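The values are calculated or read from the model by the stated rules, or taken from the named source; none is laboratory data. These numbers were taken from a predicted model, which means no experiment stands behind them. Cβ: placed from backbone, ideal geometry, glycine included. Neighbour counts: every protein chain shown.
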Amino acid sequence: KPCPLCDEAREELEPYKRRFILQEVDITLPDNSVWYDKYKYDIPVFHLNGKFLMKHRVDIQKFEDQLVKLELQNG
């Protein structure tokens with residue numbers, strides 16, 4: 001903190017908040033050192049359903065495409 005890119009990402013994802021659960025991970029905490037080592041220069045990073053999706057900025061089209069795909073799979 002502060003993380004202006006994280007704040008911006010939260011705002012962009014706000015319209016979708018009823019369609020997914022946003023879990024934020026503070027990579028600076030000792031318990032999250034694996035994530036820190038992997039992503040310290042690439043925040044924010046987004047995973048959807050456990051799989052890497054994007055980093056640095058929200059790609060709304062990519063996010064929405066993958067979200068719809070998951071919704072269709074899960075009926």
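Give me the pairs: first residue in region 63-75 and under 14 Å from Phe52 (Cα atoms), second residue among the charged types (D, E, K, R), beta-carbon distance under 9 Å, and six or more apart or on different chains, which are they?
So the pair list comes out as Phe63/Glu12; Gln66/Lys51; Leu67/Arg19.
So in region 28-75, with the set limited to residues that are touching a strand residue (DSSP E or B) at 6+ places or on another chain (Cβ under 8 Å) and of a type in the set (A, V, I, L, M), which one is nearest to Glu12 (Cα to Cα)?
Filtering first and then ranking leaves Val58.
Restricting attention to region 6-42, which residues are touching a Lys or Arg at 6+ places or on another chain (Cβ under 9 Å), under 26 Å from Glu71 (Cα atoms) and not charged (D, E, K, R)?
Within region 6-42, Ala9, Leu22 qualify.
It is to be established whether one or more residues within region 3-13 are at pLDDT below 95, on the phi < 0 side of the Ramachandran plot and exposed (fewer than 10 other Cβ atoms within 10 Å of the Cβ).
yes
Among the residues of region 28-45, write down those that are within 25 Å of Asp59 (Cα to Cα) and hydrophobic (A, V, I, L, M, F, W, C).
Passing the criteria: Val34, Trp35, Ile43, Val45.
I need the full set of residues from region 16-33 which are within 28 Å of Gln73 (Cβ to Cβ) and either loosely packed, with under 10 Cβ neighbours inside 10 Å or among the charged types (D, E, K, R) (or both), in order please.
Result: Lys17, Arg18, Arg19, Ile21, Gln23, Glu24.
Would you point out which residue out of Asp42, Asp59 is under 14 Å from the mean Cα position of the chain (by Cα) and surrounded by 14 or more Cβ atoms within 10 Å (Cβ to Cβ)?
Asp59
Within region 28-75, track down each residue that is part of a helix (DSSP H, G or I) and of a type in the set (Asp, Glu).
Listed by number, the residues that qualify are Asp31, Asp37, Glu64, Asp65, Glu71.
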